[in-house]
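Student: Mind having a look at this structure? Questions to follow.
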Number of protein chains: 2
Amino acid sequence: MKKFEEVTIKKDVLFEGRIINLQVEKVSLPNGKTSTREIIKHPGAVCVIALTDEGKIIMVEQYRKALERSILEIPAGKLEPGEEPILTAARELEEETGYGCQELLPLISFYTSPGFADELVHVFVAKGLYRIEEPKEVDEDEFVELFELTLEEAEVCVANQRIFDAKTAYAVQYLRLENLRENSK
Amino acid sequence: MKKFEEVTIKKDVLFEGRIINLQVEKVSLPNGKTSTREIIKHPGAVCVIALTDEGKIIMVEQYRKALERSILEIPAGKLEPGEEPILTAARELEEETGYGCQELLPLISFYTSPGFADELVHVFVAKGLYRIEEPKEVDEDEFVELFELTLEEAEVCVANQRIFDAKTAYAVQYLRLENLRENSK
């Protein structure tokens, strides 16, 4: 876990934003030399794999300024300070899609960009979806449109890069794997 | 592709580093209000799913300063300016593992953190691996150890979070899916 550890000699926090912080660290390498590491600190995030009763995957389309385009993603959002990931997941599912669920099962957590960022994404699977009559609304600077796709439609979207991010690609692959496991029983 | 577009009113580049740049943009939202977006610009990266003749998955262990720990990842690296992703993939595979390959097939590309970064990772599958006698060496500030895992061992590493990043979790799931498809033929 600490193999090839790089020990911090000096840390400069260069930016503290609404969502991310940037720090540059001078580190001592295993061979005694030094280097610098540019690191983004992020509060972490959740995402939710949710299937409707008809087996359709719930997605939201959203403009991503970093990419200068909109993409289809599974519902997701960042953690508020101190918030349990499962509660963030329930909140984001409700706000972005209007769905509640009876169960949220942790599937996997992964770092998205270990080379420069500590963003950890917690992936949940939602079971027992139901419509919420008056759902909480998304943040006032967030605009999303709800889509419900079959697995085959989602795979087409992966192929044509309308689905274009790691967590959603992982989710679609996961559902294909589950589907294959189910059929091979 | 441009649904809910957020138009830049003002852009401030706050940091230009060795690997990432940070810019904060003031944007006009679809409802006419304004907000700010904190964006990391990254040159993009590649990673390689490579199986040995015995069907073992090639991984490298590496310290990730952003996480303050080492993790097992598939071979990967960032694009040099103007470099074709497939050439980066061949170079990183050689430098990090000492393997060459006869074919590198593009599998998928995905953005790792679309909420705040434009890092696009190109995933390749390597075929026809062979040992290179005197491989090019890794960058002088990079320290990696080579591992070769069975699929089952890799899945244990996902479960115990020694494998802990999105691209490698995707790769392990991909190999399980391929394995299942192969067996169901």
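Student: Output the relative contact order of chain A, whole-number percent, from Cα pairs under 8 angstrom with separation of 6+ residues.
Tutor: 20 percent
Student: How much solvent-accessible surface does B:Lys2 expose, in Å² to the nearest 10, with a 1.4 Å probe and all protein chains in place?
Tutor: 110 Å²
Student: Would you rank A:Ser184, B:Ser113 by solvent-accessible area, highest first, keeping every protein chain in place and using a 1.4 Å probe?
Tutor: From most accessible down to least: A:Ser184, B:Ser113.
Student: Let me ask you something else. Among the listed pairs A:Lys41/B:Lys167; A:Lys136/B:Lys65; A:Lys136/B:Lys26; A:Lys78/B:Lys11; A:Lys26/B:Lys10, which are separated by more than 29 Å between their Cα atoms? Don't skip to the end; give the middle numbers.
Tutor: Details: A:Lys41/B:Lys167 19 Å; A:Lys136/B:Lys65 38 Å; A:Lys136/B:Lys26 26 Å; A:Lys78/B:Lys11 24 Å; A:Lys26/B:Lys10 32 Å.
With Cα atoms farther than 29 Å apart: A:Lys136/B:Lys65; A:Lys26/B:Lys10.
Student: Something else about it: Would you please put A:86-97, B:73-84 in order of how densely packed they are, using the mean number of other Cβ atoms within 10 angstrom per residue and starting with the highest? List each step's numbers first, then the result.
Tutor: Working: A:86-97: 21.2, B:73-84: 17.4.
Result, highest mean Cβ count within 10 Å first: A:86-97, B:73-84.
Student: Further question: Could you pull out the chymotrypsin sites (Phe, Trp or Tyr not before Pro) across the stretch B:1-106 that fall in loop regions by DSSP (anything but H, G, I, E, B) with no more than 12 other Cβ atoms inside 10 Å?
Tutor: Qualifying residues, ordered by number: none.
Student: Name the long-range amide H neighbours of A:Val48: under 5 Å, sequence gap of 5 or more, or other chain; modelled H, no Pro or chain starts.
Tutor: The answer is A:Phe124.
Student: Could you state how much accessible area is buried at the A-B interface, both sides summed, with a 1.4 Å probe, in Å² to the nearest 100?
Tutor: 6600 Å²
Student: Is the shape of the protein assembly as shown rounded, prolate or oblate, going by the alpha carbon gyration tensor and its root eigenvalues a ≥ b ≥ c, with a/c under 1.5 for rounded and a/b larger than b/c for prolate?
Tutor: Here the protein assembly as shown falls in the oblate category.
Student: Modelling each spin label as a point 7 Å along the Cα-to-Cβ direction, I'd like the B:Asp141/A:Lys127 distance in nm, to one decimal.
Tutor: Distance between label points: 4.7 nm.
Student: How shielded is A:96-108 by partner chains, expressed as the average number of their Cβ atoms within 10 Å of its Cβ atoms?
Tutor: Values: counts 0, 0, 0, 0, 0, 0, 0, 0, 0, 0, 0, 0, 8.
Across the residues of A:96-108, the mean count of other-chain Cβ atoms within 10 Å is 1.
Student: Under 22 Å between alpha carbons, and skipping anything fewer than 8 positions from A:Lys185 in its own chain: which lysines qualify?
Tutor: Reachable lysines: A:Lys56, A:Lys127, B:Lys185.
Student: Can you give the calculated 222 nm mean residue ellipticity of chain A, where each DSSP H run of n ≥ 4 adds -39,500 (n - 2.57) and the sum is split over every residue, rounded to the nearest 500 deg cm²/dmol?
Tutor: -7000 deg cm²/dmol
Student: With a probe of 1.4 Å, find how much accessible area the stretch A:42-156 has per residue, and write the answer as a whole number in Å².
Tutor: Value for the stretch A:42-156: 42 Å² per residue.
Student: Another question, then. Evaluate peptide B:138-144: per residue, the Cβ atoms of other protein chains within 10 Å of its Cβ; return the mean as an integer.
Tutor: 4
Student: Please report, in debye to the nearest 20, how large the charge dipole of chain B is about its Cα centre when each Lys and Arg carries +1 at its beta carbon and each Asp and Glu carries -1 there. The partial results should precede the final answer.
Tutor: Details: 23 positive and 36 negative charges, 259 e Å.
Here the size comes out at about 1240 debye.
Student: Can you list the residues, at least 5 places off or on another chain, whose amide H is less than 5 Å from the amide H of B:Ser109, using H built in the peptide plane?
Tutor: Distant-sequence amide H within range of B:Ser109: B:Val123.
Student: Find how many whole Å separate the alpha carbon centroid of the stretch B:144-169 from the alpha carbon centroid of the stretch B:33-88.
Tutor: Result: 15 Å between the Cα centres.
The values are calculated or read from the model by the stated rules, or taken from the named source; none is laboratory data. Quick caveat: nothing in here was measured; it's all calculated off a predicted structure. No Cβ is skipped: glycine too gets one built from the backbone with ideal geometry, and neighbour counts run over all protein chains shown. Only protein heavy atoms, including side chains, enter the accessible area calculation; ligands, DNA and RNA are left aside. Shrake-Rupley method; radii C 1.70, N 1.55, O 1.52, S 1.80 Å.
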